[in-house]
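Everything on this sheet refers to the single structure shown next.
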Amino acid sequence: GAGVSQTPSNKVTEKGKYVELRCDPISGHTALYWYRQSLGQGPEFLIYFQGTGAADDSGLPNDRFFAVRPEGSVSTLKIQRTERGDSAVYLCASSLSGTSDEQFFGPGTRLTVL
Amino acid sequence: GQQLNQSPQSMFIQEGEDVSMNCTSSSIFNTWLWYKQDPGEGPVLLIALYKAGELTSNGRLTAQFGITRKDSFLNISASIPSDVGIYFCAGQWGGADGLTFGKGTHLIIQP
């Protein structure tokens, strides 16, 4: 399809493990966003990329969270030493250029930390 | 992180009724957005508002950007079964910024 895709759709891991979540944005979209949605809450902004660079990472909760977008397309969100509180749905969104453009969301990756 | 104050938290209505929900913030936004999220899916944009005082419609949906830039409401007229879902308001300061979301309004339509 032509939408934002995220893999895996579900990820179960154990406390202390490392996980990587992948986002494939809509082709040609230069802006990419990561959000985290806890149960019963709205999405919370984590980080925004314009091209390859992180333009705003103010939403990352701590230094266990890191994201990359090396070629300006696919992005990977990396979480080290996972904690049970990291359990949530991680949403990715992309927009054409960022400025006043609609953000299109993927279906999310549901992360469960046991 | 900050979340907007969205109310009501849930609504139980009959098919055909009108629905109203609102969102307030302690800080100003330059853009207000309303999204709908179905189970297992990401949010989908319904309406975007770019100017204080703006009133915008999209079919049976009408939304307004509050004059103070700190609030917005969404109305749905003549609700139908496919309107069931969770509705989120979101505010945006700059055009490329991440969005600040409300906690959502869960709309349930009783037969």
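The values are calculated or read from the model by the stated rules, or taken from the named source; none is laboratory data. These numbers were taken from a predicted model, which means no experiment stands behind them. Note that we place each Cβ from the backbone using ideal geometry, even for glycine, and neighbour counts take in every protein chain shown.
Tabulated values for the structure
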quantity: Odd one out for A:Gly42, checked against (1) crowded, with 22+ Cβ neighbours inside 10 Å; (2) in a strand (DSSP E or B); (3) without any contact (Cβ under 8 Å) to a residue 40 or more places away in the chain; calculated: (2)
quantity: Residue within the range A:71-86 that is over 17 Å from A:Gly3 (Cα atoms), in contact with a Ser or Thr (Cβ under 7 Å, 6 or more places away or on another chain) and in a strand (DSSP E or B) present; calculated: no
quantity: Among (1) in a loop (DSSP other than H, G, I, E, B); (2) of a type outside the set (Ser, Thr, Tyr); (3) on the phi < 0 side of the Ramachandran plot - the single one A:Lys11 does not satisfy; calculated: (1)
quantity: Residue in the range A:22-34 that is under 14 Å from A:Ile79 (Cα atoms), modelled with pLDDT of 95 or more and surrounded by fewer than 21 Cβ atoms within 10 Å (Cβ to Cβ) present; calculated: yes
quantity: Members of the range A:51-82 that are away from chain B (no Cβ under 13 Å) and exposed (fewer than 13 other Cβ atoms within 10 Å of the Cβ); calculated: A:Asp63, A:Pro70, A:Glu71, A:Arg81
quantity: Members of the range B:61-111 that are in a strand (DSSP E or B) and among the aromatic types (Phe, Trp, Tyr); calculated: B:Phe65, B:Phe73, B:Tyr87, B:Phe88, B:Phe101
quantity: Top-ranked residue in the range B:31-50 [being in contact with a Phe, Trp or Tyr (Cβ under 6 Å, 6 or more places away or on another chain) and part of a loop (DSSP other than H, G, I, E, B); ranked as surrounded by the most Cβ atoms within 10 Å (Cβ to Cβ)]; calculated: B:Pro43
quantity: Complete set of residues in the range B:61-111 that are within 10 Å of another protein chain (Cβ to nearest Cβ) and surrounded by fewer than 18 Cβ atoms within 10 Å (Cβ to Cβ); calculated: B:Gly94, B:Gly95, B:His106
quantity: Given (1) at pLDDT below 95; (2) closer than 17 Å to B:Val44 by Cβ; (3) facing chain B (nearest Cβ under 10 Å), index of the condition A:Leu96 fails; calculated: (3)
quantity: Residue selected from the range A:99-114 under the condition polar (S, T, N, Q) and part of a strand (DSSP E or B), by the criterion nearest to the other protein chains (Cβ to nearest Cβ); calculated: A:Thr109
